[in-house]
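I have a structure here, written as structure tokens, and I will follow up with some questions on it.
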Amino acid sequence: MIPGQARAVVVGGGVMGCSVLYHLAKLGWTDSLLVEQYQLTHGSTWHSAGLVGQLRSSLSLTRMMQYSVGLYAELKELTGNDPGWHQLGGLRLASSEARHEELRRQASWAKTFGLPMEIVSAEEAQKLFPPMSTDGVVAAAFIPDDGYLDPSQLTFSLADAARRLGAVIETRTTVTGIETRRGRVTAVETDKGRIECEVVVNAAGMYAPQIAQLVGVDLPIIPYGHQYLITEPFAPPLEPLPTLRDPDNLVYFRTEVGGLVMGGYERRPASWALDGIPDGFEAKLLPEEWDRMEELFANAIVRVPALETAEVKKFFNGPEAFTPDADFLLGETDVPGFWVAAGGCAHGLAGAGGIGKIMSEWIVDGRPEWDVWPLDLRRFGRQYRSRSYTLERSYEALSQYYDIKYPGEEKQAGRPLRVSPVYARHQELGAAFGEKGGWERVNWYESNAPSGDESLRPRGWAGENWSPAIEVEARAAREAVALFDQSSFSKLEVLGPGALAFLEHVCANRIDRPIGTVVYTQLLNLRGGIEADLSVMRRGEDRFLLVTGTAFGNHDRAWLERNAPRDGSVYVNDVTSAYACLCLWGPKARDVLDLDFPYMTARELAVGDVPVIASRVTYVGELGWELYCPTEYGLQLWDSLHVDGVTPGGYRAIDALRLEKGYRAWASDLTSETTPYEAGLSFAVKPDKGEFIGRTALREPRQKLVCLVLDDPRSIALGSEPVRTAAGEIVGRVTSGGYGYAVGASIAYGYVPVQHAEPGARMAVDIFGEWVPAEVRAEPLYDPQGERIRR
């Protein structure tokens, strides 16, 4: 008989679901229950190729993989069940000079992540993996702690660990409905009975969108067929070897019972079951598609020539769940109590241990130990309710899975979708568009490039997606006046009789100020970490406009709604599309618009025939205004401001300007793990105003965000590079970097221990394997007294 009540119900008996169940029980939720419509692993887990690599593009994701490896090594001792873990190391080849550069950058990351990784020669790689050919191999990276395992054995081991702690697993149990009351989860209905609960974790893999539809939630997940093959044993049989990836040739390998597993990521991935997974698809594969495998197999023979005569023992074409950016989909949805842990994207096995850890902490404690914004389901906006848009984006991500990811490189699928009312004017000016949150945003205008200085192009990767126009636009904001379209800003309205008290509760700064005041503030979590970084404009006694970054609107709205009172006294509305936003900044801004009211205040007025809210704030450190108008007026407002002497500018110039001024960026300089005191934002915290979320957790910082100026102005830090002292001790990592055109310097920001944070301290930053000397400088580098913004 199925239990009638559980603390949490996990839906899905794959490796991610079993990991979540185990970790919930480990944190004390031993009365949790997992339901699986078939048998454990019978969705997509069972046919995983089993490779486990740890180094990823973000610190949190790498931590998750490292935690997974540590857990997998312990599971046999914990449960007596061997998860089939083979910690033999992992090789990643560079079969091009460009890939060799990428490996050097990844080796730098590895230092900051505490991950052992070394660059080895082609010959050294061949000694570690004898079947490989060294033809075309420039170098390789070796991580000794990587490995591979058996996906089913791992899942059974995690399931057994959960059972030992008291959790229950019910197989052959189908979820038929999810009950809610006042919008919150209250029960799960199954074909074997009803289970009362307050938490449901949707870990249903490729079935996750169908489960989510039971509560009216759309999930951006598309199943794709992932293909690989297993050979018969070689003669003589191969000994167990490290895993081998050759991303330039799109293929990977691992040993299997004397033979090899060979797979990869083709350029033309095949989606499947777009209208839902067919009933009864239990432990099944898709038909073999050798035509899609042909390029991969040819590339594999180049790297392992013995494959040409090897006999194929088994061919796998198994569907797996992919998201639009080929990364996990984690977090709580807009339905309180309904959580998601899905989107394995072919590395679910490698990350399952870490996913279980962070999901259980998130559910039980309200916040995971690590910042998980890069994996948070709220990173995907409303446009991903469109299955065709999700399909385009996921296809592009999967087809480029092994490609080198250059900084500033823009995705092209599904564009243009969301455009400013000024879009046509940007096109006329030769805008180079980027995309964020579905918005087309101007990076720079090529029409400005002829006036720029090509000799300022940064060395290496930082110069790949760059234009001399950036310098022209940045200098215009410093020396004259520049016009920026920031209509993509996320804008949230908070109103109602309880609005002021609510905002005082969630904001670290004091919000109770006169109508027309603009307040810069952070929203903190219970650990004092920064959940959001935004401005609050008071438009009335009980009406406020919050402005945050383009990509963060969903995240910040959800945070506000989760903490808002349930008595109807506060409403949170997303009004992003209601307002265009044009920013006029520069010392000559009053030559264009003669307004005179104090810094950090706002006024409602008219510019020409356009009604606007003029907010005297800046993200570039110059005199000027953010001008908000109803969207239908946006084009007219641009035309009235873009007059002779005004230079149109894009987001790359803004980024250079904000670095000179020391303005922080959330998701890089600021995260849910960093506090305002660590980030140098104590001026925006008012402990004496009374209680607010995170206040009691704030302590004297042990680390500090510092400004580093590199001795070589053309060596540019891109983020995640290690920072070491003059004595050679690695003490931090870069959070963001770039070139400051007004100060003529390469600038990097990074966290270091407070004892190393004094201005004048000599440091070095690892730029692609070269330690570039740097110095901690007092910040901001530009206009340290803030005189220009208050003119």
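From the list Ala98, Ala141, Ala122, pick out the single residue that is surrounded by fewer than 22 Cβ atoms within 10 Å (Cβ to Cβ), of a type in the set (Gly, Ala, Ser) and at pLDDT 95 or above.
Of Ala98, Ala141, Ala122, the one residue that is surrounded by fewer than 22 Cβ atoms within 10 Å (Cβ to Cβ), of a type in the set (Gly, Ala, Ser) and at pLDDT 95 or above is Ala122.
If you take the residues in the range 678-714 that are β-branched (Val, Ile, Thr) and within 26 Å of the chain's Cα centre (by Cα), which one is farthest from Gly460 (Cα to Cα)?
Among them, the one singled out is Ile693.
Could you please find all residues in the range 392-419 being assigned to a helix (DSSP H, G or I), open to solvent by 50 Å² or more (accessible area, probe 1.4 Å) and farther than 25 Å from Arg92 by Cα?
Within the range 392-419, Glu392 is the sole residue that qualifies.
Filter the range 456-480 for residues that are of a type outside the set (Ser, Thr, Tyr), in contact with an Asp or Glu (Cβ under 7 Å, 6 or more places away or on another chain) and part of a loop (DSSP other than H, G, I, E, B); which is surrounded by the fewest Cβ atoms within 10 Å (Cβ to Cβ)?
Among residues in the range 456-480 that are of a type outside the set (Ser, Thr, Tyr), in contact with an Asp or Glu (Cβ under 7 Å, 6 or more places away or on another chain) and part of a loop (DSSP other than H, G, I, E, B), the one surrounded by the fewest Cβ atoms within 10 Å (Cβ to Cβ) is Asn465.
Working only within the range 210-239, note down all residues that are open to solvent by 20 Å² or more (accessible area, probe 1.4 Å) and either free of Cβ contacts under 8 Å to residues at least 60 places away in the same chain or small (Gly, Ala, Ser) (or both).
The answer is Gln213, Leu214, Gly216, Pro233, Ala235, Pro236, Pro237, Glu239.
Residues Val312, Val251: which one is among the aliphatic types (A, V, I, L, M) and open to solvent by 10 Å² or more (accessible area, probe 1.4 Å)?
Being among the aliphatic types (A, V, I, L, M) and open to solvent by 10 Å² or more (accessible area, probe 1.4 Å) holds for just one of Val312, Val251, which is Val312.
Now, a different point. Would you list the strands (runs of 3 or more DSSP E) that sit entirely within the range 180-284 and hold 2 or more residues that are within 32 Å of the chain's Cα centre (by Cα)?
Correct list: 184-190, 199-202, 222-231, 243-246, 251-256, 259-264.
Only residues that are of a type outside the set (S, T, N, Q), closer than 18 Å to Ala110 by Cβ and under 22 Å from the mean Cα position of the chain (by Cα): list them for the range 720-742, please.
Glu721, Pro722, Gly732, Arg733, Val734
Right, next: Could you list, in sequence order, the residues of the range 427-453 that are surrounded by 20 or more Cβ atoms within 10 Å (Cβ to Cβ), among the charged types (D, E, K, R) and in contact (Cβ under 8 Å) with a residue 40 or more places away in the chain?
Of everything in the range 427-453, just one residue is surrounded by 20 or more Cβ atoms within 10 Å (Cβ to Cβ), among the charged types (D, E, K, R) and in contact (Cβ under 8 Å) with a residue 40 or more places away in the chain, namely Arg441.
Filter the range 107-118 down to the residues that are assigned to a loop (DSSP other than H, G, I, E, B) and in contact with a helix residue (DSSP H, G or I) (Cβ under 6 Å, 6 or more places away or on another chain) and list them by number.
Result: Met117, single match.
Hey, another quick one. Identify, please: which residue in the range 641-691 is among the small types (Gly, Ala, Ser), assigned to a helix (DSSP H, G or I) and out of contact with any Ser or Thr (no Cβ under 7 Å at 6 or more places or on another chain) and is, among those, nearest to Asp594 (Cα to Cα)?
Checking each candidate, the answer is Ala653.
From the set of residues in the range 634-645 that are touching a residue at least 60 places away in the same chain (Cβ under 8 Å) and open to solvent by 10 Å² or more (accessible area, probe 1.4 Å), which is farthest from Gly744 (Cα to Cα)?
Of everything passing the filter in the range 634-645, Leu635 is farthest from Gly744 (Cα to Cα).
Need pairs with beta-carbon distance below 9 Å; first residue at negative phi and among the charged types (D, E, K, R) and within the range 65-80, second part of a helix (DSSP H, G or I) and modelled with pLDDT of 95 or more; sequence gap 6+ or separate chains.
What qualifies is Lys76/Ser157.
I've got another one for you. Can you tell me which residue among Ala208, Ala212, Ala235, Ala203 is modelled with pLDDT under 95 and either in contact with a strand residue (DSSP E or B) (Cβ under 8 Å, 6 or more places away or on another chain) or closer than 20 Å to Ala300 by Cβ (or both)?
Unique residue meeting the criteria: Ala235.
In addition: If only one of Ala745, Ala717 is under 24 Å from the mean Cα position of the chain (by Cα), within 24 Å of Ile470 (Cβ to Cβ) and of a type in the set (A, V, I, L, M), which one is it?
Ala717
Do we have any residue at all in the range 734-744 that's hydrophobic (A, V, I, L, M, F, W, C) and under 19 Å from Ser668 (Cα atoms)?
Within the range 734-744, one or more residues are hydrophobic (A, V, I, L, M, F, W, C) and under 19 Å from Ser668 (Cα atoms).
OK, next. Being in a helix (DSSP H, G or I), at pLDDT 95 or above and buried (at least 23 other Cβ atoms within 10 Å of the Cβ): is that true of Leu24 here?
yes
Where residues in the range 109-159 are charged (D, E, K, R) and more than 30 Å from the chain's Cα centre (by Cα), which of them is nearest to Ser96 (Cα to Cα)?
Asp135
Also: Considering only the range 63-88, state which residues are closer than 23 Å to Leu241 by Cα, in contact with a helix residue (DSSP H, G or I) (Cβ under 6 Å, 6 or more places away or on another chain) and in a helix (DSSP H, G or I).
Residues satisfying the conditions are Met65, Tyr67, Ser68, Leu71, Leu75.
Which residue pairs have Cβ atoms under 7 Å apart, sit 6 or more places apart or on different chains, and have a first residue in the range 586-607 that is without any contact (Cβ under 8 Å) to a residue 40 or more places away in the chain and closer than 20 Å to Val620 by Cβ and a second that is among the hydrophobic types (A, V, I, L, M, F, W, C) and open to solvent by less than 40 Å² (accessible area, probe 1.4 Å)?
Leu595/Ala614; Leu595/Trp625; Val607/Leu593; Val607/Leu627; Val607/Leu637
Name every residue in the range 119-150 that is farther than 19 Å from Ser108 by Cβ, assigned to a strand (DSSP E or B) and of a type in the set (Gly, Ala, Ser), in order of residue number.
Once the filter is applied, which keeps residues that are farther than 19 Å from Ser108 by Cβ, assigned to a strand (DSSP E or B) and of a type in the set (Gly, Ala, Ser), the range 119-150 yields only Gly147.
Looking at Pro713, Pro759, Pro722, can you tell me which residue is surrounded by fewer than 16 Cβ atoms within 10 Å (Cβ to Cβ), of a type outside the set (A, V, I, L, M) and in contact with a strand residue (DSSP E or B) (Cβ under 6 Å, 6 or more places away or on another chain)?
The conditions single out Pro759.
For the structure I just gave you, tell me whether Ala424 is of a type in the set (A, V, I, L, M, F, W, C), part of a helix (DSSP H, G or I) and surrounded by fewer than 17 Cβ atoms within 10 Å (Cβ to Cβ).
yes
So how many residues does the range 729-756 have that are open to solvent by less than 20 Å² (accessible area, probe 1.4 Å) and out of contact with any strand residue (DSSP E or B) (no Cβ under 7 Å at 6 or more places or on another chain)?
Counting residues in the range 729-756 that are open to solvent by less than 20 Å² (accessible area, probe 1.4 Å) and out of contact with any strand residue (DSSP E or B) (no Cβ under 7 Å at 6 or more places or on another chain) gives 1.
The values are calculated or read from the model by the stated rules, or taken from the named source; none is laboratory data. These numbers were taken from a predicted model, which means no experiment stands behind them. Ideal geometry is used to build each Cβ from the backbone, glycine not excepted, and the neighbour counts take in all protein chains shown. Surface accessibility is based on the protein's heavy atoms, side chains included, excluding ligands, DNA and RNA. Shrake-Rupley method; radii C 1.70, N 1.55, O 1.52, S 1.80 Å.
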